[in-house]
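Note sheet for the following structure.
Bear in mind that the values in this text are calculations on the coordinates, not laboratory data. No experiment lies behind these values; they were computed from the predicted model shown. As a convention, Cβ positions derive from the backbone with ideal geometry for all residues, glycine included, and neighbour counts pool all protein chains shown.
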Amino acid sequence: MRRVGRGTTLAALILLAPLVACSDDGSDEPAAPPSTSSGEASGSTSPSPGPTQPPTPTEQNETLPPVTDRTSLPQLMREEFRGSRIRFTALEGETASYTRHRVVYRSGDVRVSGVLLRPKGRGPFPGIVLNHGYIDPAIYVPGQGLAREQDWLADAGFVVLHTDYRGHADSDPATPLERESRLGYTRDALNAVQSLKREPYVDPDKMAMLGRSMGGGVTLNALVAQPGIVDAAVVYASVSSRYLDNLRHFTARSRPEAVDAVFERFGTPQEEPGFYRGLSSRTYFDRITEPVLMHHGTDDEQCPFPWARTTQRLLTEAGVESRLEVYPGERHSFTPQWQASIEETVRFLRRRLDV
């Protein structure tokens, strides 16, 4: 096989795309998997009995996948996410059932903005973190991308924290690598959960996460990086659980210079396949402990429907309790059948969070 230098151009990347897609060695995606039916709950496995004493940090690290590069999901598995108290910066609005505020919280050393919708009443209420899809940070405004979900979930009695991510709205800047790897966004989502748990009006034992499109990928990253941090997750019209699919399908077309920068720094997929597997949530699906509900339309023009099929199959093979709800003819915007999807989402969350 011809090796490609680290200065690979976009044209070379596109030529290599079919090769990349077919050159897995099995650790990224198992070979010859069994098929699963769509729209039905897949099987789940019961967790094995844990040790009588909690493992020490050293023992925990010994059971984790090795860190071959700090830009990786195994690195996030070893990090501690504490979040911070959430600071209200402005009241944006109020309805009969909830208030909506602009807020900020800490994600490590990074200040992250967002919006928080709090149901009226004493609580404590179940909490949910929303991870939005890709919107050009240059035009993004606070709380953009999941307005329908924010309103519906707050009306249903959830405290909703929609994180803007670093590099968006009033958040601190993001580095190019944090943006292209999505690891910075994943850190912000995990710290958002921990921040929400600190609030006295939130029940820390009833937490969920919902992500759409790119935010679906962020959600899957969070689940494999920190199992148990939430109690249930919902994924809408998600990007692929394989990093290279997204790099080729989105980044190579819109920001080819970013692909060249990644290849220059970390090597091409042919030179360093392990590095790219380390950014793919599917590599670590066996770590997920939460039930996952996925929604995807068959006519999604942005995130191809086969990506959802493959992710669901791999979740099932890894023993994750997961379900893919299929919407015939639905596109990425999820307009005609959104109402059905959000009603199913609320039923799923209430059942799994026991609310």
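Quick notes
- For the range 142-287, size of Cβ-based charge dipole, Lys and Arg +1, Asp and Glu -1, in debye: 320
- Vicinal HN-Hα couplings computed from phi for the range 253-258 (Karplus, 6.51 cos²θ - 1.76 cosθ + 1.60; Hz; Gly/Pro x): 7, 9, 9, x, 5, 5
- Using all pairs of distinct alpha-carbon atoms, the Kirkwood hydrodynamic radius of the range 225-343 works out to 15.6 angstrom.
- Here the residues 288, 128, ranked from fewest to most Cβ neighbours within 10 Å of their Cβ, fall in the order 288, 128.
- The reciprocal of the average 1/r between distinct C-alpha atoms defines the Kirkwood hydrodynamic radius, which for the range 81-175 equals 13.5 Å.
- Inverting the pair-averaged 1/r between distinct Cα atoms of the range 144-193 gives 12.0 Å as its Kirkwood hydrodynamic radius.
- About the centre of its Cα atoms, the range 184-228 shows a dipole size close to 80 debye [charges on the beta carbon of Lys, Arg (+1) and Asp, Glu (-1) only; nearest 20 debye].
- At most 11 other Cβ within 10 Å, DSSP loop - GluC sites (Glu not before Pro), the range 242-347: 301
- Of the chymotrypsin sites (Phe, Trp or Tyr not before Pro) found in the range 320-354, none is in coil by DSSP with at most 12 other Cβ atoms within 10 Å of its Cβ.
- FRET efficiency, 1/(1 + (r/R0)^6) with R0 30 Å, evaluated for residue 333 and residue 265 via beta carbons: 0.30
- Applying a DSSP loop filter and a limit of 14 other Cβ atoms within 10 Å to the GluC sites (Glu not before Pro) in the range 64-145 leaves 79, 80.
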